[in-house]
Amino acid sequence: MKKMLIVMLGLLFVGAVAGVQAATFSDNFDTGKNAAWVDLVGTTTAVGGKLLADSGTNEVYVGGISVLEPTVNVDLDASAQGGILTRIDPATGSFLLLFYSPVQNTIAYHEKVGGSWGGWLDPVWNANFTKQGTVHVTLSYVGNTATTVVSDGTNSVTSVANLATLHSAGFAGLYHDAGTGTIQNFDNFTLDYVPEPSSLLALGAGLVGVLGVIRRRR
(Lines give C-alpha, C1' and ligand atoms only; values in the text may rest on other atoms or scores of the structure.)
Protein backbone atom coordinates (compact mmCIF):
# COMPACT_ATOMS: atom_id res chain seq x y z
CA MET A 1 0.00 0.00 0.00
CA LYS A 2 2.81 2.37 0.95
CA LYS A 3 4.69 1.67 -2.28
CA MET A 4 1.54 2.22 -4.30
CA LEU A 5 0.99 5.54 -2.53
CA ILE A 6 4.56 6.64 -3.26
CA VAL A 7 4.14 5.73 -6.92
CA MET A 8 0.86 7.65 -7.10
CA LEU A 9 2.47 10.73 -5.54
CA GLY A 10 5.37 10.45 -7.96
CA LEU A 11 3.01 10.30 -10.90
CA LEU A 12 1.11 13.29 -9.50
CA PHE A 13 4.35 15.26 -9.24
CA VAL A 14 5.42 14.37 -12.78
CA GLY A 15 1.98 15.22 -14.11
CA ALA A 16 1.96 18.55 -12.30
CA VAL A 17 5.40 19.41 -13.64
CA ALA A 18 4.37 18.51 -17.16
CA GLY A 19 1.26 20.65 -16.81
CA VAL A 20 3.26 23.66 -15.68
CA GLN A 21 5.76 23.20 -18.49
CA ALA A 22 2.96 23.49 -21.00
CA ALA A 23 1.96 26.93 -19.71
CA THR A 24 1.38 29.68 -22.24
CA PHE A 25 0.72 33.38 -21.80
CA SER A 26 -0.63 35.25 -24.81
CA ASP A 27 -2.09 38.62 -25.66
CA ASN A 28 -3.22 39.81 -29.07
CA PHE A 29 -4.19 43.23 -27.61
CA ASP A 30 -7.65 43.10 -29.19
CA THR A 31 -9.29 44.12 -25.92
CA GLY A 32 -6.55 46.25 -24.40
CA LYS A 33 -3.46 45.28 -22.48
CA ASN A 34 -3.80 42.17 -20.34
CA ALA A 35 -3.66 42.95 -16.62
CA ALA A 36 -0.58 40.73 -16.26
CA TRP A 37 1.61 43.32 -18.01
CA VAL A 38 3.73 45.51 -15.71
CA ASP A 39 5.43 48.66 -16.97
CA LEU A 40 9.06 49.23 -15.98
CA VAL A 41 9.60 52.56 -17.78
CA GLY A 42 7.13 54.85 -19.53
CA THR A 43 3.62 53.89 -20.53
CA THR A 44 1.97 51.86 -23.25
CA THR A 45 -1.57 51.75 -24.57
CA ALA A 46 -3.48 49.14 -26.56
CA VAL A 47 -5.28 50.59 -29.59
CA GLY A 48 -6.83 48.85 -32.57
CA GLY A 49 -5.58 45.40 -31.64
CA LYS A 50 -1.96 46.49 -31.13
CA LEU A 51 0.15 47.58 -28.18
CA LEU A 52 1.44 51.07 -28.97
CA ALA A 53 4.57 52.37 -27.27
CA ASP A 54 4.32 56.04 -26.39
CA SER A 55 7.14 58.46 -27.17
CA GLY A 56 10.33 57.69 -25.31
CA THR A 57 11.77 54.37 -24.20
CA ASN A 58 9.28 51.82 -22.94
CA GLU A 59 9.92 48.55 -21.17
CA VAL A 60 6.97 46.34 -20.29
CA TYR A 61 7.08 42.81 -18.87
CA VAL A 62 4.70 40.06 -17.88
CA GLY A 63 4.52 40.28 -14.10
CA GLY A 64 4.42 37.23 -11.87
CA ILE A 65 5.68 34.73 -14.47
CA SER A 66 9.27 33.76 -13.79
CA VAL A 67 10.42 31.60 -16.66
CA LEU A 68 13.21 29.27 -17.68
CA GLU A 69 13.87 28.47 -21.34
CA PRO A 70 11.05 30.64 -22.73
CA THR A 71 9.89 30.73 -26.32
CA VAL A 72 8.61 34.18 -27.23
CA ASN A 73 6.79 35.18 -30.41
CA VAL A 74 5.73 38.70 -31.34
CA ASP A 75 4.97 40.81 -34.40
CA LEU A 76 6.80 44.15 -34.59
CA ASP A 77 6.42 47.27 -36.71
CA ALA A 78 9.13 46.85 -39.35
CA SER A 79 9.91 50.58 -39.40
CA ALA A 80 10.57 51.02 -35.68
CA GLN A 81 13.22 49.81 -33.26
CA GLY A 82 12.16 47.38 -30.61
CA GLY A 83 12.56 43.90 -29.27
CA ILE A 84 12.03 41.24 -26.64
CA LEU A 85 13.15 41.42 -23.02
CA THR A 86 14.17 38.24 -21.20
CA ARG A 87 15.69 37.34 -17.84
CA ILE A 88 14.43 40.53 -16.30
CA ASP A 89 15.30 41.27 -12.69
CA PRO A 90 13.11 44.27 -11.75
CA ALA A 91 14.88 44.63 -8.40
CA THR A 92 18.22 45.47 -10.05
CA GLY A 93 17.08 46.85 -13.40
CA SER A 94 18.93 44.06 -15.22
CA PHE A 95 17.76 42.29 -18.35
CA LEU A 96 18.75 40.85 -21.70
CA LEU A 97 17.31 42.49 -24.79
CA LEU A 98 16.84 41.00 -28.23
CA PHE A 99 17.01 44.18 -30.30
CA TYR A 100 15.64 44.66 -33.82
CA SER A 101 16.82 47.77 -35.68
CA PRO A 102 15.64 48.59 -39.22
CA VAL A 103 17.96 51.62 -39.16
CA GLN A 104 21.07 49.48 -38.67
CA ASN A 105 19.70 46.40 -40.47
CA THR A 106 20.57 44.32 -37.46
CA ILE A 107 19.32 42.04 -34.73
CA ALA A 108 21.50 41.71 -31.66
CA TYR A 109 21.42 40.86 -27.97
CA HIS A 110 22.09 43.75 -25.62
CA GLU A 111 22.45 43.55 -21.85
CA LYS A 112 21.52 46.02 -19.16
CA VAL A 113 22.95 45.23 -15.73
CA GLY A 114 22.08 47.21 -12.64
CA GLY A 115 20.55 49.98 -14.74
CA SER A 116 23.64 50.40 -16.95
CA TRP A 117 23.92 49.26 -20.53
CA GLY A 118 26.55 46.66 -21.22
CA GLY A 119 27.84 45.26 -24.49
CA TRP A 120 26.27 43.92 -27.65
CA LEU A 121 26.22 40.15 -28.02
CA ASP A 122 26.40 38.45 -31.39
CA PRO A 123 24.96 41.09 -33.77
CA VAL A 124 23.72 39.92 -37.16
CA TRP A 125 23.07 42.28 -40.07
CA ASN A 126 20.68 41.78 -42.95
CA ALA A 127 20.28 44.64 -45.43
CA ASN A 128 17.36 42.92 -47.15
CA PHE A 129 14.70 43.75 -44.58
CA THR A 130 11.88 45.71 -46.24
CA LYS A 131 11.42 48.07 -43.25
CA GLN A 132 7.75 48.17 -44.12
CA GLY A 133 4.77 46.40 -42.70
CA THR A 134 5.39 43.80 -40.01
CA VAL A 135 8.26 41.54 -38.98
CA HIS A 136 7.78 38.40 -36.93
CA VAL A 137 10.29 37.62 -34.19
CA THR A 138 10.77 34.27 -32.47
CA LEU A 139 13.17 33.89 -29.55
CA SER A 140 13.73 30.48 -27.94
CA TYR A 141 16.11 29.29 -25.23
CA VAL A 142 17.72 25.92 -24.63
CA GLY A 143 19.74 26.36 -21.47
CA ASN A 144 21.75 29.55 -22.02
CA THR A 145 21.66 29.28 -25.80
CA ALA A 146 19.20 31.65 -27.45
CA THR A 147 18.06 31.27 -31.04
CA THR A 148 16.26 34.08 -32.81
CA VAL A 149 14.52 34.13 -36.16
CA VAL A 150 13.32 37.42 -37.64
CA SER A 151 11.23 37.31 -40.80
CA ASP A 152 9.50 39.99 -42.86
CA GLY A 153 7.61 37.43 -44.90
CA THR A 154 10.21 37.42 -47.69
CA ASN A 155 13.57 37.53 -45.98
CA SER A 156 14.69 35.83 -42.81
CA VAL A 157 17.74 36.04 -40.56
CA THR A 158 18.74 33.74 -37.69
CA SER A 159 21.01 34.55 -34.76
CA VAL A 160 22.35 32.13 -32.14
CA ALA A 161 24.14 33.30 -29.01
CA ASN A 162 25.16 32.04 -25.58
CA LEU A 163 23.56 34.34 -23.04
CA ALA A 164 25.02 33.18 -19.74
CA THR A 165 25.81 36.70 -18.57
CA LEU A 166 22.69 36.92 -16.42
CA HIS A 167 20.80 34.47 -14.23
CA SER A 168 19.17 31.74 -16.27
CA ALA A 169 15.64 32.52 -15.12
CA GLY A 170 13.60 35.70 -15.10
CA PHE A 171 10.61 37.48 -16.54
CA ALA A 172 9.89 38.17 -20.21
CA GLY A 173 8.52 41.25 -21.92
CA LEU A 174 8.79 43.82 -24.70
CA TYR A 175 10.97 46.86 -25.39
CA HIS A 176 10.61 49.95 -27.55
CA ASP A 177 13.42 52.36 -28.42
CA ALA A 178 12.36 55.80 -29.63
CA GLY A 179 15.75 56.45 -31.22
CA THR A 180 14.19 56.27 -34.68
CA GLY A 181 11.48 58.77 -33.82
CA THR A 182 8.84 56.18 -34.72
CA ILE A 183 6.37 54.39 -32.46
CA GLN A 184 6.59 50.63 -32.14
CA ASN A 185 3.46 48.53 -32.62
CA PHE A 186 3.44 45.11 -30.93
CA ASP A 187 0.94 42.41 -31.84
CA ASN A 188 0.23 38.70 -31.33
CA PHE A 189 2.49 38.15 -28.31
CA THR A 190 2.86 34.60 -26.98
CA LEU A 191 5.10 33.24 -24.24
CA ASP A 192 5.56 29.48 -23.79
CA TYR A 193 7.67 28.72 -20.76
CA VAL A 194 9.24 26.17 -18.48
CA PRO A 195 8.90 26.98 -14.77
CA GLU A 196 11.76 28.35 -12.74
CA PRO A 197 13.41 25.51 -10.70
CA SER A 198 12.27 27.01 -7.38
CA SER A 199 8.66 26.47 -8.41
CA LEU A 200 9.31 22.78 -8.98
CA LEU A 201 11.18 22.46 -5.69
CA ALA A 202 8.25 24.00 -3.83
CA LEU A 203 5.86 21.54 -5.46
CA GLY A 204 8.13 18.60 -4.59
CA ALA A 205 8.49 19.77 -0.99
CA GLY A 206 4.72 19.91 -0.67
CA LEU A 207 4.32 16.35 -1.85
CA VAL A 208 7.04 15.16 0.53
CA GLY A 209 5.18 16.88 3.35
CA VAL A 210 1.96 15.09 2.44
CA LEU A 211 3.80 11.76 2.44
CA GLY A 212 5.24 12.53 5.89
CA VAL A 213 1.77 13.24 7.31
CA ILE A 214 0.46 9.96 5.91
CA ARG A 215 3.36 8.02 7.46
CA ARG A 216 2.75 9.57 10.89
CA ARG A 217 -0.89 8.56 10.76
CA ARG A 218 -0.09 4.92 10.02
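The values are calculated or read from the model by the stated rules, or taken from the named source; none is laboratory data. Please read these numbers as outputs of a predicted model, since none were measured by experiment. When we count neighbours, we look across all protein chains shown, and the Cβ atoms used for this are built from the backbone with ideal geometry, even at glycine. To get the accessible areas, we keep the full protein, side chains included, count just its heavy atoms, and leave off ligands, DNA and RNA. Shrake-Rupley method; radii C 1.70, N 1.55, O 1.52, S 1.80 Å.
Tabulated data for the structure shown
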| item | result |
| --- | --- |
| Positive minus negative residues near GLN184 (Lys, Arg vs Asp, Glu; Cβ under 11 Å) | -4 |
| Accessible surface ranking that places the most exposed of LYS112, LYS33 first, with a 1.4 angstrom probe | LYS33, LYS112 |
| Computed FRET value (nearest 0.05) for THR154 with VAL103, which takes r as the C-beta separation and R₀ as 25 Å | 0.85 |
| Listed residues TRP125, TRP117 arranged by accessible area, highest first, probe 1.4 Å | TRP125, TRP117 |
| Area accessible to solvent at ASP122, 1.4 Å probe radius, in Å² | 60 |
